[in-house]
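*Asks:* Below you will find the structure I want to go over with you.
The values are calculated or read from the model by the stated rules, or taken from the named source; none is laboratory data. Treat the numbers as computed from the prediction; the structure is a model and nothing was measured. For neighbour counting, all protein chains shown are included, and Cβ atoms are generated from backbone atoms with ideal geometry for every residue, glycine included. Surface accessibility is based on the protein's heavy atoms, side chains included, excluding ligands, DNA and RNA. Shrake-Rupley method; radii C 1.70, N 1.55, O 1.52, S 1.80 Å.
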Amino acid sequence: NISGVMTTHDNNSTSSTKSASSEMDNPARVVIDGFPMAKNPREKRAASMELSVNRGLIMLPEYTGHAEWSGPLSATRGSKARSVALKIIEKAHVITDNLEVGNGKDISDEMWEPRLPVLEDLYDTSNRTDILMAFKELSQQCRQILEAQPMVVQAAAPCKIFGDIHGQFRDLLLIFHTYGFPSHLNGDAEFVSYIFNGDWIDRGAHQLECVSLIMALKVLYPTRVWLLRGNHEFREMNEQATNRSFAQQCLQVFPAAPHQDGHGPFYALAHTVFEWLPLAAVVEDSVLVVHGGIGDGNFTLADIAAVPRPLRSSLDSPVAFQVVWSDPVEEESLPDHGHPDRPATPRNTRAAVFSAETTDAFLAANGLAMIVRSHQFMPMGYKVMQGGRLITVFSARDYMERQSNDGAMLLVVRDSEGHLRVRPKRLLHREASLGADASVGCFAKFTRRLPAHLPVQIRPGGP
């Protein structure tokens, strides 16, 4: 069930005739949305077979559109990587379904659960060696998939776009709880694309859990789930001297042996994946998704696609540096980034800012309609900027326990006229959600419409 999205199936005349005939022959069946359902598993399987295949047992075309939800790059059945991915996703789904929300039970990710019990629950073991071996299988498969995919990936609508998560695992699961879980079992992974727009790590309490689940989703759904690189998926950010860094969290759980990377085996494995992450996604040939922005705008999509991998540092590529670090020119007064005591970084020393004019020129030169980026927390979880040509989305609410911001994700769908609509979906910050049901969320008061070859408009919109 996806907020704002409704899918229907149109049966062909042959199938409809069979359905009606079967109903008359067997009054024990009932019809739900045009599909005959049976009262016992054997009849149910027979009814499904009757409708979905022809006499040669060949799948009918109208039922094959989303049959390959796992995609050709998915881990093979019976492989260790697939088993690990399935287990992590299944466990995360259970945790999501059992989150306590509303009635004063909404708490921060920091106060939710200690790190190790959640990690052990995802991997279904308390043995750290077993967890590490499972993550090794997962990371190797994930890297192989990323190596086979380009630096600029193409995503189909409907599509959900997530901003910075920063290790706030409970907030990620709470958005899933509210707006649909990415699974082919009681979820929406068969017909919805997911984009995770970087900065899954650093600062939050459950960074290893975020990495594990996001990689598991990529392994199982390689052409439905897209992972983009943020500035925090680079070593120069992870290795800062703070106990909130990804490197330190990895070391706390998986200490380094003398012959290993100085930040431990989990950290080393994670970076073998990070170094192959794409820098950009394009949704339906219209919406560019990047973590930071377009900087000076003096490059094209082809230049992003040509950035060589593996990419160890953002400083190794001028284009990559601008894509993951740049910010838009401040409009009104953008909030501070929530960490005023942060050390000097490329963001506040050399990162370019881009104006509405730069955005318009970049979009026109590359045949695009708008840009979605993350990289900055926003009080409402998202912010529409530059005349509606730019949206910032940030998914970690109450960022670092210092802010009272909502979390958000963006839903990109086509309307009945074929136009793309971008609809923010919010998750209230805790102070606003106390005494209410946080899982209800808060629907945005506008819808961003992207018509082809027509003026861009922002229109009121409901859920």
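*Asks:* What helices (runs of 4 or more DSSP H) completely inside segment 213-298 contain at least 2 residues that are small (Gly, Ala, Ser), over 30 Å from Met370 (Cα atoms) and out of contact with any Leu (no Cβ under 8 Å at 6 or more places or on another chain)? Full working, then the answer.
*Replies:* Details: elements: 235-238, 246-253, 265-274.
The helices (runs of 4 or more DSSP H) meeting that bar are 265-274.
*Asks:* Residues of segment 200-228 being touching a strand residue (DSSP E or B) at 6+ places or on another chain (Cβ under 7 Å) and either under 19 Å from Leu119 (Cα atoms) or among the aliphatic types (A, V, I, L, M) (or both), which ones?
*Replies:* Listed by number, the residues that qualify are Ile214, Leu217, Lys218, Val225, Leu227, Leu228.
*Asks:* Quick check, is Leu288 farther than 20 Å from Tyr194 by Cα and either open to solvent by 30 Å² or more (accessible area, probe 1.4 Å) or modelled with pLDDT of 95 or more (or both)?
*Replies:* No; evaluated as a whole, the condition is false for this residue.
*Asks:* Kindly provide the set of residues from segment 238-254 that are surrounded by fewer than 24 Cβ atoms within 10 Å (Cβ to Cβ), in contact (Cβ under 8 Å) with a residue 40 or more places away in the chain and touching a Pro at 6+ places or on another chain (Cβ under 9 Å), ordered by number.
*Replies:* Gln240, Phe254
*Asks:* Please go through segment 356-400 and give me each residue that is on the phi > 0 side of the Ramachandran plot and either free of Cβ contacts under 8 Å to residues at least 24 places away in the same chain or in a helix (DSSP H, G or I) (or both), ordered by number. Quick ask: steps written out before the conclusion?
*Replies:* Here is the first cut: in segment 356-400, the ones on the phi > 0 side of the Ramachandran plot are 367, 375, 381, 386-388, 398, 400.
Result: Gln386, Gly387, Gly388, Met400.
*Asks:* So, in segment 117-146, exactly how many residues are of a type in the set (A, V, I, L, M) and either closer than 18 Å to Pro72 by Cα or open to solvent by 50 Å² or more (accessible area, probe 1.4 Å) (or both)?
*Replies:* Matching residues across segment 117-146 total 4.
*Asks:* Considering segment 345-367 alone, what residues qualify as being more than 23 Å from Phe234 (Cα to Cα) and either open to solvent by 20 Å² or more (accessible area, probe 1.4 Å) or modelled with pLDDT under 95 (or both)? Full working, then the answer.
*Replies:* The first filter runs over segment 345-367 and keeps only residues more than 23 Å from Phe234 (Cα to Cα), leaving 355-367.
Ser355, Ala356, Glu357, Thr358, Asp360, Ala361, Ala364, Ala365, Asn366, Gly367 - these are the residues of segment 345-367 that are more than 23 Å from Phe234 (Cα to Cα) and either open to solvent by 20 Å² or more (accessible area, probe 1.4 Å) or modelled with pLDDT under 95 (or both).
*Asks:* Can you pull out every residue in segment 147-170 that is surrounded by 24 or more Cβ atoms within 10 Å (Cβ to Cβ) and in a helix (DSSP H, G or I)?
*Replies:* Matches in segment 147-170: Phe169, Arg170.
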